[in-house]
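Working notes for the structure below.
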Amino acid sequence: MSAVLGLERPQVVSHVQQALSYTVFDCKWVPRSARLMCLGSAARGTGIIQLYELHGARLEVLREIEKPKPIKCGTFGATSLQQRFLATGDFDGNLNIWNLEAPEIPVYSVKGHKEIINSIDGVGGLGIGEGAPEIVTGSRDGTVKVWDPRQKDTPVANMEPVQGESKRDCWTVAFGNAYNQEERVVCAGYDNGDIKLFDLKTMSLRWETNIKNGVCSVEFDRKDINMNKLVATSLEGKFHVFDMRTQHPTKGFASVSEKAQKSTIWQVRHLPQNRDIFMTSGGSGSLHLWKYEYPAQRSKKDSEGSEMGVAGSLSLLQNVTLSTQPISSLDWSPDKKGLCVCGAFDQTVRVLIVTKLNKI
Amino acid sequence: MPVWLREHSWRQSLTAVYLSLPLRGARATAANIFCSEQYLKVSIPPFLFEAILYAPIDDKNSTAKIGNGNIFFTLYKKEPAMWDSLTLANADKEKLQHLRENAVLEAQEKAKEETKAKKITKQENKKYALEATMKLEEAERKRIEDLKEKERQEVTKELELWKNQQKDGDKYKSIQAKEELHQEKEPLKERKNEKLNKTRIPNEGSSKTRLKSTRGRGSCSIFSQDLREEQLPAPRAAATIKVNFTPRVFPTALRESRVAEEEEWLHKQAEARRIINSDLSELEDLKEEEKNPDWLKDKGNKMFAMGDYLGAVNAYNLAVRLNNKLPLLYLNRAACHLKLRNLHKAIEDSSKALELLTPPVPDNESARVKAHVRRGTAFCQLELYTEGLQDYEAALKIDPKNKIIEKDAEKIRQLIQGTMQSS
């Protein structure tokens, strides 16, 4: 934490606060616009999708869509910039892709899982990366499934427990390593602390580890490059940053971990414009802004001569407490640096601006 | 009896009285002088000077100068008038006493008032200081708030700008898209025509290519779009990856802080299961009473009394299997082993008994004494006399009145000394 102190540090400014009449589970910016989506569950047990536009100091509702089942998560990751279809996972295990201009009938729908889809991620769309657009969903039934919107009904990859093995809830999924058409990797975090890395090119398990606490959120710093860093957050206020460039045959990836707050860290999101800055949101309603610094040498040889990664260090740039309830979802705007939206369990969605990120 | 100082000299003006008092070698300090409105006393043991003044004086402003073996008083009169004499002439003893007491009381009261006044001023000063610091801090806070507010406003302005850019950008893009769509249709038609006219009208074909080049941008984009669509690989071949999870007994998520509790719970469950299992598996052919550890203990005791040591050991073994938390079982088994000369086993069992008897309360005194004695005996029979002595001394500590233990301890000490001397 060098010369960045006092008012020179990035400040988190709360720009707009909007009270909602439903529990919000996920909020995402609509790419290439000043609009955002909130997904959640109304008190009467139905799903809500709301589309807002940012007007000055307030959010204006553009559209409200109600669906029969509560919606847990959504992503724009797998659509093209022109179409901007939203893929959602709901409490019943259904994966739907919606055209927000005509939301009555989904563009793609499948009952992918037997239980709630906890987490969803998309890759290949939005002009980012190469390769087929794919969506991955992780569910409480212990399976992680990868879908191609062009293929109906069956997933293109299915990571399921071995026959007879008792299942663990999958809490989070993320795509990574999609730097060319063939390569792709899915990282999944489970409630027993397992993190598993599946290579979709070879259809095999590439790496797994256990971080001793249930894994709430995993994210690669960029989906569309050779995998560089992976951040995994967990219960008990801990998170780990893995250096994914060097895989040791037995020790796996090097990591540094930090215990940030006493409560669960619900989400981690990297800043789209700078892959070494990320924000974690916690169960105490606080947000922490972190910067990762690379070590002098990212890999070194161990005693047997095989390459081993070296983890860097973390510094806390800023932290702020916005709410008394957990902040369960967080998203940076890909278009404006420092603009982000977060949704908390106190039924409010907040638009925040993080200043001075240029000076980091 | 004090020595009165009588050789004083005085003179007066209208407003003040000047009194000079030689001290006859005694040393005076401020503490020796006591003055009130109408009473003046200088007491330097054994010397004493007191005077009931003719008229009241202003004792606050009056001064006394000590020096040169002399005290020089400057007393300011309350009422400017000439005094007939320094002191009141007819003053009988009672009046004197009365006056003295009054004087003392007055002085006390004055002192009290002074301290009160001091306190009040101190408090006020403190308050003032506090308010000053508070103001400073407020100012600081306000400064920071203002800075933050300014940033917020700047940022909001930027955001608005950006948003408007976005809007314009969107409009521009939609116009572009429409144009592109328009242009798409044109070249497509042209291409179709081309195919038809290809062989027949080569000139026209060339002109058409010219035309095409002017709309170059439009067609390029369509072509690139087509290419891009073709570039998207086909959906993957479906496959399944089988996954193994780190085993976890509980259906809840793993938390580090709960791991210890969970381990304990599992341990207890395992213990309970073990006992139930051990009951069930081999002992089905035993009678009901034989599954009761207490009954088995009694049986063992009886066998010990009769001299059947092996049988007693068996009974105790079975009892231990059923319930390994009863210290008496180990204690009695130790006794059996002693008789059977299984000394190591005896030591083990007495140790286990002592472990189970851990809260050293008066209730299990006798048991602990027995355990120590048995272990001590075993040690001695193994010729480990020092350890044996340790145990005997422990037993003595618990029960100092036991003569037998004392005697045995003595014997062991002699043995040790004997071996030390000889070696």
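The values are calculated or read from the model by the stated rules, or taken from the named source; none is laboratory data. Keep in mind that what you see is a predicted model, and the values were worked out from it rather than measured. Quick reminder, even Gly has a Cβ in these numbers, built from the backbone with ideal geometry, and neighbours come from all protein chains shown.
Does at least one position in region B:106-125 carry a residue that is under 44 Å from the mean Cα position of the chain (by Cα), within 13 Å of another protein chain (Cβ to nearest Cβ) and either surrounded by 10 or more Cβ atoms within 10 Å (Cβ to Cβ) or over 30 Å from A:ASP335 (Cα atoms) (or both)? It would help to see each step written out before you state the result.
Taking region B:106-125 and keeping what is under 44 Å from the mean Cα position of the chain (by Cα), we get B:115-125.
Filter once more, so that each one left must be within 13 Å of another protein chain (Cβ to nearest Cβ): none.
Checking region B:106-125: not a single residue is under 44 Å from the mean Cα position of the chain (by Cα), within 13 Å of another protein chain (Cβ to nearest Cβ) and either surrounded by 10 or more Cβ atoms within 10 Å (Cβ to Cβ) or over 30 Å from A:ASP335 (Cα atoms) (or both).
Considering only region B:238-252, state which residues are at the interface with chain A (Cβ under 7 Å from one of its Cβ atoms), closer than 15 Å to A:ASP169 by Cβ and hydrophobic (A, V, I, L, M, F, W, C). Answer for region B:238-252, where residues must be at the interface with chain A (Cβ under 7 Å from one of its Cβ atoms), closer than 15 Å to A:ASP169 by Cβ and hydrophobic (A, V, I, L, M, F, W, C): B:VAL243, B:PHE245. Here A:LYS67 does not qualify as buried (at least 22 other Cβ atoms within 10 Å of the Cβ), over 25 Å from B:LYS167 (Cα atoms), modelled with pLDDT of 90 or more and of a type in the set (Lys, Arg).
Given the criteria at the interface with another protein chain (Cβ under 8 Å from one of its Cβ atoms) and within 21 Å of A:GLN82 (Cα to Cα), does A:ASP148 qualify? Give the steps one after another, and end with the answer.
On the way: at the interface with another protein chain (Cβ under 8 Å from one of its Cβ atoms): yes; within 21 Å of A:GLN82 (Cα to Cα): yes.
When the stated conditions are applied, A:ASP148 passes them.
Against the numbered list (1) part of a strand (DSSP E or B); (2) in contact with a strand residue (DSSP E or B) (Cβ under 6 Å, 6 or more places away or on another chain), B:LYS60 comes up short only at (2). Checking each residue in region A:29-64 for being surrounded by 18 or more Cβ atoms within 10 Å (Cβ to Cβ), among the hydrophobic types (A, V, I, L, M, F, W, C) and under 22 Å from B:LYS157 (Cα atoms) picks out A:TRP29, A:VAL30, A:ALA34, A:LEU36, A:LEU54, A:LEU59.
Region A:297-360 holds strands (runs of 3 or more DSSP E) entirely within its bounds, and those carrying 2 or more residues that are within 14 Å of chain B (Cβ to nearest Cβ) and under 23 Å from A:LYS229 (Cα atoms) map to A:339-344.
Could you say whether any residue in region B:40-52 is surrounded by fewer than 19 Cβ atoms within 10 Å (Cβ to Cβ) and aliphatic (A, V, I, L, M)? Steps first, answer last, please.
At the first step, the residues of region B:40-52 found to be surrounded by fewer than 19 Cβ atoms within 10 Å (Cβ to Cβ) are B:41, B:43, B:45-48, B:50, B:52.
From what is left, the residues that are aliphatic (A, V, I, L, M) are B:48, B:52.
Taking every residue of region B:40-52 in turn, at least one turns out to be surrounded by fewer than 19 Cβ atoms within 10 Å (Cβ to Cβ) and aliphatic (A, V, I, L, M).
Taking the conditions (1) of a type in the set (A, V, I, L, M); (2) surrounded by 24 or more Cβ atoms within 10 Å (Cβ to Cβ); (3) under 27 Å from A:VAL107 (Cβ atoms) in turn, A:VAL218 satisfies each one other than (3).
Any chance region A:167-186 includes a residue that's of a type in the set (Ser, Thr, Tyr) and facing chain B (nearest Cβ under 9 Å)? Within region A:167-186 (the criterion being of a type in the set (Ser, Thr, Tyr) and facing chain B (nearest Cβ under 9 Å)), the answer is no, since none of the residues qualifies.
For first residues located in region B:341-369 and farther than 9 Å from B:LEU331 by Cα and assigned to a loop (DSSP other than H, G, I, E, B), partners that are modelled with pLDDT under 90 and charged (D, E, K, R) and lie 6+ apart or on another chain with Cβ distances below 8 Å form the pairs B:LEU357/B:ARG368; B:PRO360/B:ARG368.
Kindly provide the set of residues from region A:49-64 that are within 23 Å of the chain's Cα centre (by Cα) and either of a type in the set (Ser, Thr, Tyr) or away from chain B (no Cβ under 14 Å) (or both), ordered by number. Walk me through it before giving the result.
To start, the set of residues in region A:49-64 that are within 23 Å of the chain's Cα centre (by Cα) comprises A:49-54.
Hits for region A:49-64 are A:ILE49, A:GLN50, A:LEU51, A:TYR52.
Within region A:96-112, the presence of at least one residue that is within 14 Å of chain B (Cβ to nearest Cβ) and under 26 Å from A:ARG350 (Cα atoms) is confirmed.
Could you say whether any residue in region A:137-156 is closer than 24 Å to A:THR233 by Cβ and among the aromatic types (Phe, Trp, Tyr)? The answer is no; no qualifying residue exists.
If a residue must be away from chain B (no Cβ under 14 Å), out of contact with any Cys (no Cβ under 8 Å at 6 or more places or on another chain) and among the β-branched types (Val, Ile, Thr), how many such residues does region A:10-32 contain?
The first filter runs over region A:10-32 and keeps only residues away from chain B (no Cβ under 14 Å), leaving A:18-28.
Narrowing the set further to residues that are out of contact with any Cys (no Cβ under 8 Å at 6 or more places or on another chain) leaves A:18-19, A:21-23, A:28.
Narrowing the set further to residues that are among the β-branched types (Val, Ile, Thr) leaves A:23.
The number of residues fulfilling the criteria is 1.
With respect to the stated conditions, A:LEU289 is crowded, with 19+ Cβ neighbours inside 10 Å and either within 14 Å of another protein chain (Cβ to nearest Cβ) or not in a loop (DSSP other than H, G, I, E, B) (or both).
This table checks each residue for (1) surrounded by 16 or more Cβ atoms within 10 Å (Cβ to Cβ); (2) in a strand (DSSP E or B).
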residue: B:TYR18; (1), (2): no, yes
residue: B:ILE71; (1), (2): yes, yes
residue: B:SER85; (1), (2): no, no
residue: B:ALA103; (1), (2): yes, no
